[in-house]
Every structure is written in structure tokens, then in C-alpha cells.
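These notes are about the structure you will find just below.
The values are calculated or read from the model by the stated rules, or taken from the named source; none is laboratory data. Just so you know, these numbers come straight off a predicted model, no measurement behind them. Positions of Cβ are backbone-derived with ideal geometry, glycine not excepted, and every protein chain shown enters the neighbour counts.
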Amino acid sequence: MRIAHLHWGFPPIIGGVETHLTILLPELVKQGHAVGLLTGTSDNSKSRYKFGGADIFRSPLFDLNWLYKRGIDALEKEISATYEEFFGCVKPDIIHAHNMHYFSASHACLLDSIAKKLNVPLVLTAHNVWDDLQFLKLTTNIDWTHIIAVSHYIKKEMTGIGVPEHKVTVIHHGVDVKKFNVDPNQKDILKKHPKLKNRKIVFHPARMGLAKGCDVSIKAINLVKERIPDVILVLAGTKNIIDWGVTQQKDIAYLVDLIKIFGLEDYTYVNYFDLDEMPALYNCSQACIYPSSSQEPFGLTMLESMASAKPIVVTNAGGMPEVVQEDINGYIVKIKDFDSLATRVAQILSDTVLRNRLGRTGKQIVSTHFTKEIMANSHLRLYEDLISKKRS
């Protein structure tokens, strides 16, 4: 098959969808398919190159940070020309868009027209949902051949606004389990980040922001440190993200001030970490936390922590309880409940037998249900079915 993917960002832009694509696209290529991705521009990135065998095409017309400042109006001709060039190179049997049921009606409507012109299936992966008219219109008015939901929570949201149930398939994310089998000594990562030496590390791997519950993590560590003085919270600061609405820096400023108010400078560590560093950071940690304050669609970091055999504490938000099972591979607390989060974190840090049991079980669950191979095969079966139906 020749498969065309479209999304607003790709590394060095960092985010859940971007990381997902770095896993999915090379795996599709590995299984013998031709893959192209149209995405936004990024500093120091070429306009066209290969990633894991996939052809990456970059255009400023898919750069949401630029589009937010410039505005999306009166760009139809330019978008059409970009589509024509991209699809002319890829010659797709199927078109697969990610999160194009939001941000820009122009991009979605023109994509709908091109799919009809090429007479190929148009697939949407809904990584998120939003509560506004733009989301409603672009989800229900665009003629998506099929919608992939990244969790049963997202599927429920899709059907809840009128999308027929048979047009939505749940395909959970997957990870490269082997990538997280790293050297347990972690000398290199500790040498690069010496503040982490001889500390009980609690890792919050999601990007810094209030929606990701970083404020809840800080408040929890303020309580944990009273019981476990050598604890340290690691927050993954982010340089390159899609910051639609320019809210990221405001969130970070608030979180930094919150750390100062509590006097937690010695108990927190904020830094930017490359994707290649993440397995080592997981491995150094005793526990991972993701107390999202929003209805998290899925949460790829859950799988990464589990693949690293680390227990994780999450909130009862969105799709996360579909993966984390209470006292099996981690714990689930209520949204904004920093007191319960602190209790669970202290419990995990204090009990080596419990910590190892939760970690080993989590790794087994990932290896059985959430590998990159399982995820890619699920996509390919859906592609083949949709293409066959379209041709017949």
C-alpha cells in the first residue's frame, strides 16, 4: 500500500501525537508499505527527508504556531497547491489524517475534496476531542470514511455527537518495548543530570502544563518530602511543541513560581529532555505520575512507564483507566486530588516489593497488548478493509 499521513507536527516538535507517529510510520515501512507524512515546518529541519524509511514533507501551511499568529483565512489556494504536490509524490491508496477535525476548516474541507477526487478512503485518527462548534462541524460534516479512536473514551465521545458507532474503531497506541530495556546503572544520564544522583525519583514525563496536572504533582511532592526526604520530582520541560493559543509559557511561569512558594527547589528538577533520553529517565525513576487535570484521551507515557517496569499513578480521566488497573500495575486517583497522589507515591517509594510487583505486571501488560507491532497490524487490517470496500 501507499499510505499518506497528515499531521500538524513531527519531531523536533514534541507531543503525544508526534511521538505516536515516530513509532507507527517506521513500523508500516518495515512491513513493506510506502509511507509519506505532510507536516508543519520546524527550525533546523529540512523541507523533505526520510525518517525510518518514511518520506517526510514539511510546509509552513501545516505549522500551527505560525498559522495561529498569521491567521488561517485566505489560504485555500496555497493549501491546495501544497496538497497537490504532496499527493502527487505519494500517490496514495489511502489518506490518513491526525487531529484534522479541529484547528482549520480550510485544511479539512480541501482534504475531503481531494480524497473524493482521488477516490481513496479518508481516515481520521481522533487523538483528542474539544467542546466547541469547530470540533462538531469538522467531525460530523467532513466525509470521513472511518474514524480511529485512540481509546474507548474517545469513541464514546465520537458516538455521543452523532458519529455512527460502526464508523469508529478503537486502536490503542503501542510502544517499542525493546527501546525501554536499557542499562539499569544509568551512569550517563546521572552524569548529565547530577542533581538526580542518590535520589528517589518521581518522574512526571508529560510536557509541563496545568492540563497535564503538573501543579498537582508539585503539591503532592510537597507532602511526600515530609515522609521521604530524598525524593525528587522530575518535570519534563518542553522547548518545541504545538502551542496553539500560546498558553505554554504562562503555565510554566506559574509552575516555577509554585515551586518557589513551597520552597521546593531542592525537591524538583525541571529540564528539557530529548526523546532518546526518555528510556534512561524512566529507568532511573522509582515511580511515574500523570495526574492529568483534563480528560486525557489516552496518555502514551503510561505505556512508556509500564514498558520500563515502573508503576504509574494516574487520574480517573478520559482513557487512562483503560490501561492502568488499581493495584495491578499502578493506581488511579481523583482529578486534582494531590493528597491521594502523595499517599500513593509515598507507598510505592517505601515498599520495594510492591514497587517491583506493579512494575513487572505493567511490563507484561504492555508486551501482551500494547506493542508497536500490534498497533501497526491493527492499522493495516483497517486500511486493507477500507481500500477493498472502496474499490468494490
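Each residue in region 223-246 was checked for being modelled with pLDDT of 65 or more and either surrounded by 18 or more Cβ atoms within 10 Å (Cβ to Cβ) or of a type outside the set (D, E, K, R) (or both), and 12 pass. Name the residues in region 293-332 that are over 21 Å from the mean Cα position of the chain (by Cα) and not in a loop (DSSP other than H, G, I, E, B), would you? Within region 293-332, Glu326 is the sole residue that qualifies. The helices (runs of 4 or more DSSP H) found wholly in region 131-205 and carrying at least 3 residues that are crowded, with 19+ Cβ neighbours inside 10 Å and modelled with pLDDT of 95 or more occupy 152-160. Just wondering, is there one or more residues in region 102-112 that are at positive phi and modelled with pLDDT of 95 or more? The answer is no; no qualifying residue exists. Total residues in region 43-66 satisfying the condition of being closer than 20 Å to Glu27 by Cα and over 22 Å from the mean Cα position of the chain (by Cα): the figure is 2. So which residues in region 79-109 are surrounded by fewer than 21 Cβ atoms within 10 Å (Cβ to Cβ), aliphatic (A, V, I, L, M) and farther than 21 Å from Thr140 by Cβ? If the condition is that a residue be surrounded by fewer than 21 Cβ atoms within 10 Å (Cβ to Cβ), aliphatic (A, V, I, L, M) and farther than 21 Å from Thr140 by Cβ, then Ile79, Ala81, Val90 are the ones that fit. In region 113-128, of all residues being touching a residue at least 12 places away in the same chain (Cβ under 8 Å) and more than 25 Å from the chain's Cα centre (by Cα), the one that is surrounded by the most Cβ atoms within 10 Å (Cβ to Cβ) corresponds to Ala115. Mind checking which residues of region 370-388 are touching a residue at least 60 places away in the same chain (Cβ under 8 Å) and surrounded by fewer than 14 Cβ atoms within 10 Å (Cβ to Cβ)? Across region 370-388, the qualifying residues are Glu373, Glu384. What do you reckon, is Gly330 small (Gly, Ala, Ser), free of Cβ contacts under 8 Å to residues at least 60 places away in the same chain, within 30 Å of Lys197 (Cβ to Cβ) and buried (at least 21 other Cβ atoms within 10 Å of the Cβ)? Considered against the rule, which asks whether it is small (Gly, Ala, Ser), free of Cβ contacts under 8 Å to residues at least 60 places away in the same chain, within 30 Å of Lys197 (Cβ to Cβ) and buried (at least 21 other Cβ atoms within 10 Å of the Cβ), Gly330 comes out as yes. Candidates are the residues of region 12-21 that are more than 16 Å from Pro297 (Cβ to Cβ) and within 12 Å of the chain's Cα centre (by Cα); the one that is surrounded by the fewest Cβ atoms within 10 Å (Cβ to Cβ) is Ile14.
From the list His96, His101, the lone residue that is in the same structural domain as Val168 (by TED's automatic domain parsing), within 20 Å of the chain's Cα centre (by Cα), in contact (Cβ under 8 Å) with a residue 60 or more places away in the chain and not in a helix (DSSP H, G or I) is His96. For region 344-362, the set of residues classified as in contact (Cβ under 8 Å) with a residue 60 or more places away in the chain and either buried (at least 17 other Cβ atoms within 10 Å of the Cβ) or assigned to a loop (DSSP other than H, G, I, E, B) (or both) consists of Val345, Ala346, Ile348, Leu349, Arg355, listed by residue number.
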